[in-house]
Every structure is written in C-alpha cells, then in structure tokens.
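Step one of this worksheet: look at the structure below.
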Amino acid sequence: MIAHRLAGLFLFLQAAAAASGPASPAERELMETITANTLRGHLSFLASDLLEGRDTPSRGLDLAAEYIASQFRRFGLEPAGDQGTYFQNAPYVRITQPMDGFRLRIEAADGKSWESTGAKLIALTSSPVNLNSLEVVKVTISSPTSPLPPAGQVRGKAVLLYVAQGMSPVAARNRALTALEPALLVTYGVFPPAPFRLRPAGSSTPPPPPTVITSDADFSKLLDTLPEGVTTARLSAQISGPREEPLQLRNVIARLPGSDPALRHQAILLTAHYDHVGVSPRGDGDRIHNGANDDASGVTSVLALAEALAARKLRPKRTLLFMTYFGEEKGLLGSRYYAAHPVHPLRDTVANLNFEHMGRTDDNEGPRRHQLTGTGLAYTTLGEALIAAGSATGVTTWTHPRNSDDFFGRSDNQALADAGIPAITVCVAWIFPDYHRPSDHWDKIDLPNMEHVVRAAAVAVTRIANSDTTPRWVESHPKVQPYLEAFKKLHATD
Ligand SMILES: [Zn+2]
C-alpha cells in the first residue's frame, strides 16, 4: 500500500516544484536575515531553566509572554491585543480541590467495606458533596458501545464504574457521567497528578457530576465482589466544594499590516504555542521540562519570521498576524480562545501556518535534515506553497503516511480549521527522543538545519501573502469535509 502512495506523492512534489522555480533575489535577501544566532538567542532564553517549563499558568509562562512582546516591540510590529497591547487576555478560573475533611465510605451488604480519607485518589467537584447511605449501582464499560443501564435507574445514585482493559478510562468516564447523571461517580484508575484544573470564566457548559478516581487496589477488590447494576451496597461521602480563583491567561499577538490596498484586509496567522508542561512533581535530578523543541522552536520560528518580514522595505501584500498561544498542552486552550475571540475577522483570515518541533532532526523514525513536513499537507493548497518554497530553497517537503492525518488534531491548527480557515501545522520531526521529557534542552537543537527550514518557511509565507489566489481546502480530499462545511458557512455571505 505504502509503495504506490509514495509514487503519487513524488508526482505531486514534482508538479509543485516545477511550478515554483528558484528563489528570487528578494527572497534570497529575506532568507539571509534569518540566522542561526538569532534562533539560538530566542531558544536559549525561552527554554532556560529560569522559565521552569512554562506551564499554564505559571511565572515562567508570564516571563515568556513578556519576552515575546518585547521582541515584537523591537521589530516595530503593531500591537494586536487588548487596549493597544500585544496581549489578548483570556479570563479563566483556576480550580483546586481542598481535601480537608474528605471522607468516602462504601459498605456492602455482606459486611465488606472500603473507606478513604483522601489518600490515593483525586476528586473533581463543582460544589460540596454530602451523601448519606446512598444506593450504589455498579456499571462496567468494556467498549465505546457497551450498553449502559437506563438513566432513570441511575440518576442521583452513586455509580461505581469499572472500566475494562483497553478501554480509554477518560472516554468511559465522560460517557458514564453525561449519560447517567449520577450523584457521584467513583472509579478505579491511575491519574496524572493534576494539582489544578482550568475553566474559561463565564463558560455556560453545565459542570459534570462529581467524580472520584482512586488507585487504591482495595477499592477495586470490593468492586469485583459487587454484582453488575443495582447493588445492595450503600455509599456515604463528605467532600468540600472546589476553590476557584480567577486568572488572566494571555495570547501574545502582533500585526504587520499588508501593503496592498486590495489585499491588506486579508490576514495570515503565523502561530506557535509558548507554553509547555512545567516541572515534574516527582523524580530525581532534572525535573524541569524545558520544552526547547516543543515548542520554544515554534515560537522562535514565529519570532524569526516576524523580524525578517517586518524589516522588509516592501511589506507583503496581505496582513500578517504573529501569535503565540497559552495552554496548548492543556487542550489547545489559547487557540480555542482565539478562534472564539478573533482580533481579525475570521472570514478575512485566509490561512494559518502553525509551527511545532522545528528544531530537532533526530526523529524517532530517522534523520530529517533539510526537510519539512506537517499535518494536513494535502488538505489545503498551503501544502503546495510549502513544497514549492521548499524546492526553491533546497528543502524537501513531504507528507507522512500516517502522522499527517493522525496529528492534525493534536495542535493549535485544529481550532482554526474547525472555524473553516485553511490551517496546518508545519514541523521537522514528529516524535523525537526527548519529547515531553526534562531532557528537551535547547543545546540539542540542530541550529544550522533550523536556520535552513525557517528560511524556506519565510519564502513560503511571502509567496502565500503575495499570491493572486487565496489558500483553499482541497475539496476532493476525504478528510476535509467538516472544515469545508465550516469554510462555506464562514463565507456564506461573501
Ligand atoms: Zn507542542
């Protein structure tokens, strides 16, 4: 299968390459303003231990935001955030769960029982929980389609959820919670230490019922003794309500207005996420997740493109928006916030190039020097532009047989694609040895290669920004239908 697919791909590459021709003198000049030293400068600060892995929220994240804004200021770009600043403020709520006074007890009719005062578990509530001798229903989910008891039998009762091996615990939990509306759901499982949760302030989504996840094997043993469905067991629980603190999270955004009166109303978003996962709560030695390649390298690419394009005497015809997001690692928070609160009309936003993993060439599947790849390269005409710019600058742009599809939803392009905007993520390596490890350090970045591929990206951006045609979804591609629908809806009144 793989074989003929590659043949098709090379044909596609040759056609696109043939269409582009070598880089023009102006493009060569632009490329030379992007240097390995510039990249090193940004990377070494953004991925330094001082920023402690840029978790959302954290002091390190705020330091990174100030740094990025200061660079936009240095390049002379227009502030595109709130009140004439470079910051788009997103009101969020930080939720923590106090565990003082926590008590949970399950008593079976045969005298067996399980009790916890908070050890080996996490609790997720939206208000205080006070239950006394509540009926218990045992529910097993072994597949995404396994039948659930009728809601009437369960609503307002305590549900003990057993999730079979191989079934995603999160998916099972969510399904049980929404379908059954229990008074409390208790389940067995390992859980990432999440000292807090984040929620958009003022979000109207009704909170899920309270949930307890325990890794206590004794709970699992008791669960095994209970029959499926309504049981004779009883549950009592006292859990405090959550503590909620308002906070502001920030996207950092700057504008380079277009030079062409007929096209400057159209904008191209160049993005990356400036957050990472912070400091590991456990472990010896280095616990700071510096996130040099994920995604300080993407932020650095956006900064290098901004500096190079802002310095041009002749600015690109269309407007360029340079933006770095918070909270990608927490679920694409910053990009979803932007798509819901755009600073430029979405219908006049003609493309989004999102940058991830631009620095490392030691992909787990093999070396990736002088190459660019990405998600959804065949989904939109942006892929062609990248291929053409690549062949004009000595960079091979290729589509991964699986990842280009599978990773499409794993980064910030997704939020803009859902709004109908042709949006893809560009990268060099997909997964690299230090991915999401404290060892993702900036001195492992292949700077000469990064200089080369960011230069190619600069040529691609310039060509897209000056093109007579606007980027489009490839209507014949089987994977783009939902985005095409959103695009048509966005442009229904054009
Ligand atoms: Zn990332």
- Counting just the residues of the range 291-312 that are more than 11 Å from the ligand (Cβ to nearest atom) and not in a helix (DSSP H, G or I), which one comes out least open to solvent (accessible area, probe 1.4 Å)? Arg312
- Message: Go through (1) of a type outside the set (D, E, K, R); (2) within 16 Å of the ligand (Cβ to nearest atom); (3) open to solvent by 40 Å² or more (accessible area, probe 1.4 Å) for Thr373 and report which single condition fails.
- Response: (3)
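So that you can scan it fast, the table gives a plain yes or no per residue for (1) in contact (Cβ under 8 Å) with a residue 60 or more places away in the chain; (2) more than 27 Å from the chain's Cα centre (by Cα); (3) assigned by TED's automatic domain parsing to the domain that holds Gln88; (4) open to solvent by 80 Å² or more (accessible area, probe 1.4 Å):
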residue	(1), (2), (3), (4)
Glu181	no, yes, no, yes
Val212	yes, no, no, no
Leu226	yes, yes, no, no
Ala267	yes, no, yes, no
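Let's see how each residue does on (1) open to solvent by 30 Å² or more (accessible area, probe 1.4 Å); (2) not charged (D, E, K, R):
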{"site": "Gln248", "(1), (2)": "yes, yes"}
{"site": "Ala254", "(1), (2)": "no, yes"}
{"site": "Gly258", "(1), (2)": "no, yes"}
{"site": "Leu263", "(1), (2)": "yes, yes"}
{"site": "Gly283", "(1), (2)": "yes, yes"}
{"site": "His289", "(1), (2)": "no, yes"}
{"site": "Phe322", "(1), (2)": "no, yes"}
{"site": "Glu329", "(1), (2)": "yes, no"}
- Scanning the range 397-442 for residues that are without any contact (Cβ under 8 Å) to a residue 60 or more places away in the chain, away from the ligand (no atom under 12 Å from the Cβ) and surrounded by fewer than 21 Cβ atoms within 10 Å (Cβ to Cβ) gives His400, Arg402, Asn403, Asp406, Gly409
- Query: What's the number of the condition Asn132 fails, among (1) among the polar types (S, T, N, Q); (2) out of contact with any Leu (no Cβ under 7 Å at 6 or more places or on another chain); (3) outside the structural domain of Glu181 (by TED's automatic domain parsing)?
  - Reply: (3)
- Query: Would the range 268-287 turn up any residue that is in contact with a strand residue (DSSP E or B) (Cβ under 7 Å, 6 or more places away or on another chain), polar (S, T, N, Q) and within 16 Å of the ligand (Cβ to nearest atom)?
  - Reply: yes
- Subset tally (residues that are within 22 Å of Tyr338 (Cβ to Cβ) and among the hydrophobic types (A, V, I, L, M, F, W, C)) for the range 416-459: 9
- Go through the range 291-343 and give me each residue that's without any contact (Cβ under 8 Å) to a residue 24 or more places away in the chain and among the charged types (D, E, K, R). Lys313
- Residue count, the range 145-165 (criterion: without any contact (Cβ under 8 Å) to a residue 60 or more places away in the chain, out of contact with any Ser or Thr (no Cβ under 7 Å at 6 or more places or on another chain) and either outside any loop (DSSP other than H, G, I, E, B) or not assigned by TED's automatic domain parsing to the domain that holds Ser113 (or both)): 4
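The values are calculated or read from the model by the stated rules, or taken from the named source; none is laboratory data. This is a predicted model, so every value here is computed, not measured. Cβ coordinates were reconstructed from backbone atoms using ideal geometry, including for glycine residues, and neighbour counts include every protein chain displayed. Accessible surface is based on the protein model in full, side chains and every heavy atom, while ligands, DNA and RNA are left aside. Shrake-Rupley method; radii C 1.70, N 1.55, O 1.52, S 1.80 Å.
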